[in-house]
Amino acid sequence: MLAMAFRNNWRRASFVLLFHLLLTLDLIFASKGDEEDEDPYTTSDPKKREPSPCEICKFFITELQQRLDLSAKSKEIIETGHGLERKKRFKYLTSELRLTEALHEPHICENILHYNVHAERKGSLRYAKGMSETMQTLHGLVNKGVKVELGIPYELWDKPSAEVSKMHRACFTFAEKYEEAIEDWYYNRQDTESLINFICAEQFLKDKDQSCLKEVFELKGDTGDGGDDDHAQKKETSKKEIKEKEVRWSHSTSSFW
């Protein structure tokens, strides 16, 4: 009887052990499959996040358009020819020199390194110039004497992140591939079509996701008619939120790199 009871118990124990083993393996493979299927353009893991084709095109064109806008009102006349050569006069506004300066002096892609990752924002809005809310909070804590560990030296906190560095490299490839198309727009289409539509929507992203082109950052602020009282209340609420963040960070900080 004891032997039979022992065998029955052993069988039950073996069955339970096998069941847990199979369940564990199933969870492992399911997790692995999820990781493989995870979209690198939308993942919340900053180590796996890749700038999407839409984001690469959007910020390249944004930077180029801003450079062109700086000289858009120039009335300068350029004169070429030396000595006995017949001199030619033409407007700087439509000159090759203006486009060359906008693209290469310094190279437009170097501007991408001025961006930071604002992890609190969604989509392409996560890339923006200026310090993110998270980093502002962390620097504020350090200035108050709170020890904050991010796993990297303090002097590297404000260096370009891995995501921004990836976009920086991709920008150079994009610039080389679409330089002729940009010249086509500059000489023939700039008065009739936007640069971002001609390059991004119609060419680079023709068969790709274009949703990021419509994403526009809206500043948090007063949009109502509450007056000074409403403004003061919002200001007080903002101070309270910052204080709560400081308390959470002072107790425990985690790496977001």
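The values are calculated or read from the model by the stated rules, or taken from the named source; none is laboratory data. Please read these numbers as outputs of a predicted model, since none were measured by experiment. Because the Cβ atoms are built from the backbone with ideal geometry, glycine has one as well, and the counts that use them run over all protein chains shown. Quick note on the areas: whole protein, heavy atoms, side chains included, nothing else; ligands and nucleic acids left out. Shrake-Rupley method; radii C 1.70, N 1.55, O 1.52, S 1.80 Å.
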Members of segment 151-176 that are touching a residue at least 12 places away in the same chain (Cβ under 8 Å) and in a loop (DSSP other than H, G, I, E, B): Gly151, Ile152, Trp157, Asp158, Pro160, Ser161
Pairs where the first residue, in segment 86-104, is outside any helix (DSSP H, G or I) and the second is among the hydrophobic types (A, V, I, L, M, F, W, C), C-beta under 8 Å, 6+ apart: Arg89/Ile77; Arg89/Ile78; Phe90/Ile77; Phe90/Ile78; Lys91/Ile77; Lys91/Ile78; Ser95/Ile78
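Among the listed residues Lys129, Lys159, which satisfies the condition of being modelled with pLDDT under 90, of a type outside the set (A, V, I, L, M), surrounded by fewer than 15 Cβ atoms within 10 Å (Cβ to Cβ) and closer than 23 Å to Pro40 by Cα?
Sole residue among the options that is modelled with pLDDT under 90, of a type outside the set (A, V, I, L, M), surrounded by fewer than 15 Cβ atoms within 10 Å (Cβ to Cβ) and closer than 23 Å to Pro40 by Cα: Lys159.
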Qualifying positions in segment 103-118 - open to solvent by 30 Å² or more (accessible area, probe 1.4 Å) and within 21 Å of Lys214 (Cβ to Cβ): Val117
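Here is a yes/no grid of residues against (1) in contact with a His (Cβ under 9 Å, 6 or more places away or on another chain); (2) among the β-branched types (Val, Ile, Thr); (3) under 26 Å from Arg67 (Cα atoms):
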{"residue": "Leu97", "(1), (2), (3)": "no, no, yes"}
{"residue": "Leu103", "(1), (2), (3)": "no, no, yes"}
{"residue": "Cys109", "(1), (2), (3)": "yes, no, yes"}
{"residue": "Arg126", "(1), (2), (3)": "yes, no, yes"}
{"residue": "Gly130", "(1), (2), (3)": "yes, no, yes"}
{"residue": "Lys147", "(1), (2), (3)": "no, no, no"}
{"residue": "Glu155", "(1), (2), (3)": "no, no, no"}
{"residue": "Ala181", "(1), (2), (3)": "no, no, yes"}
Residue count, segment 189-220 (criterion: surrounded by 11 or more Cβ atoms within 10 Å (Cβ to Cβ) and in a helix (DSSP H, G or I)): 13
Hits in segment 136-150 - residues which are in a loop (DSSP other than H, G, I, E, B) and over 20 Å from His118 (Cβ atoms): Lys144, Gly145, Val146, Lys147, Glu149
